[in-house]
1. Given the C-alpha centroids of segment A:132-157 and segment A:167-188, what is the distance between them in whole angstrom?
2. Place a +1 charge on the Cβ of each Lys and Arg in segment A:3-110 and a -1 charge on the Cβ of each Asp and Glu, then give the dipole magnitude about the Cα centre in debye, rounded to the nearest 20.
3. From the protein chains alone at 1.4 Å, what is the descending order of accessible area for A:152, B:234, A:11, B:198, largest first?
4. When you take every Cα atom in the protein assembly as shown, what is the radius of gyration, and what is Dmax, the widest Cα pair distance, in Å?
5. Where the centroid of each part is defined by its Cα atoms, how far is segment B:78-102 from segment B:208-238 in Å?
6. Could you compute the FRET efficiency for residue B:167 and residue A:45, with r as their C-beta to C-beta distance and R0 at 56 Å, rounded to 0.05?
7. How far, in degrees from 0 to 90, does helix B:202-229 lean away from the longest principal axis of the Cα atoms of chain B, to the nearest 10?
8. Under the rule of at least 5 residues apart or a separate chain, name every residue whose amide H is placed under 5 Å from the amide H of residue A:97.
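The values are calculated or read from the model by the stated rules, or taken from the named source; none is laboratory data. Being a predicted model, the structure only gives us computed values, none of them experimental. Cβ sites come from the backbone with ideal geometry, for glycine too, and all protein chains shown count toward neighbours. These accessible areas exclude ligands, DNA and RNA; they are computed on the full protein's heavy atoms, side chains included. Shrake-Rupley method; radii C 1.70, N 1.55, O 1.52, S 1.80 Å.
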Amino acid sequence: MNLTLKVWRQKDANSPGRFETYEARDVIADMSFLEMLDVVNEELIAAGKEPIMFDSDCREGICGTCSLVINGIPHGGHRGTTVCQLHMRHFQDGQTITVEPWRARPFPVIRDLIVDRKAFDRIIQAGGFISVNTGGTPDGNAIPVSKQISDKAMDAAACIGCGACVAACKNASAMLFVSAKVTHLNLLPQGKAEKDRRVARMVSTMDEAGFGNCTVTGSCAAVCPKEIPLDMIAKMNRDYALAIFKGE
Amino acid sequence: MKLLYRLFRSSLGRKYIMGVTGLCLFAFVVGHMVGNLQVFLGPEAINRYAHFLQSTGELLWLVRLAMLSIVGLHIWSAVVLTLENRAARPVRYTQDVFYGASYASRTMIGSGFVIAAFVLFHLLHYTVQVKGVNLTGQDFTTFETTLKNGTVTHDVFKMMVVGFSNVWVSLFYVVAVSLLSLHLGHGIGALFQSLGLKNDVWTPRLDRFGKVIAWVLVIGYASIPIAILLGYGKEALK
């Protein structure tokens, strides 16, 4: 099939960007969206033009690197999939597809479709860890964790930190990301010791980075490739309230 | 002090303020509706109820001042949060898809401001009873009635019947309570989320409760002006 692509091109963070139109010819339905872009880029390189810059790494939906807004929806709007898992069979011959970078003040565009997501790294540095003394390997089941808790923590740990939640939110809020990290660590016995300090610090860092506030629209959970539910945000709201009343 | 700083300066803290004040205002609109529906029990019931409220003296003013500060905090947090939200997303996408976000959730600030404007009008109309805003040419402050126990009091029943007999006043009222219903249909579910009182079991229950109560409120409130426009109360006044 043949497609028309309207792609955001921007030289660097300080240059103004604009949409450029490209033709993608002979696209195979089994290609992923990124493979289709690879083919377009090969043609651009062969013609002596600058290829379209975009982020990608594992190409199997587990690393959280790919980050494209396709026709207004981060990751393209198919349940539980990243852009690298989005196949061209979902598009029709002759369709025009708009491709944009994540849009949020804390995620400035570095080049074309690549944004700087260091704001997420700063949030993780603020509290997305547990402190342990190094030493011998602990016994496998030395700390008992109930099935219910381990399942819930695992659901939260599924977050790959891609930032689609921020990109989809009309307020560019990072609540789903931060709440997934908080829930993951605060639920488990290993993370409980630093529970209050963790949530207070991660929320402060999130606010300082300039992310917006949660208005419970649910866009974040709808686009999340790992289907992190909104309940995680409620859990973080609860943990933060307990933490600040304890004097954090 | 640190707690106050966290409450008023952090994103989550402001949402707690928004949620708690929202819950108070929700409780008020439920109580206000139940009180007002006594209009259907006839003049004696609603006038006796109104006389009881007016005779509470200092308590009435205490409640009024509390309501004023609750409304103030609710609007303050809404404005501050909205300005921050706009600043966080300076560049829009070429297509506004709003994937997964309901209409009500995206228009809270808009529905909120219309409701606030209505409340201001409503207070001038029925509480302060400014003659110029009721569009009927009558002075509501002159309406008096005698209760069965002999007390002479303000005739609230007549004021409601005369007030809502104006189509424009009733139309604005119905529009405002419809927007209130839209606002609360999202707001009730969202406030429990903001206060951290949801989990996978309670989320669907609380969201459903919010939707149902929003419909109850719009039907309850709108029934009064609609019934009066259809002729309710004219007989009782004769």
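1. 21
2. With only Lys, Arg, Asp and Glu charged at Cβ, the dipole is about 520 debye.
3. Largest accessible area first, the residues go A:11, B:234, A:152, B:198.
4. 28.0, 98
5. 35
6. According to the calculation, E is roughly 0.20.
7. With rounding to tens, the tilt is 30 degrees.
8. Amide H neighbours of residue A:97: A:4, A:5, A:6.
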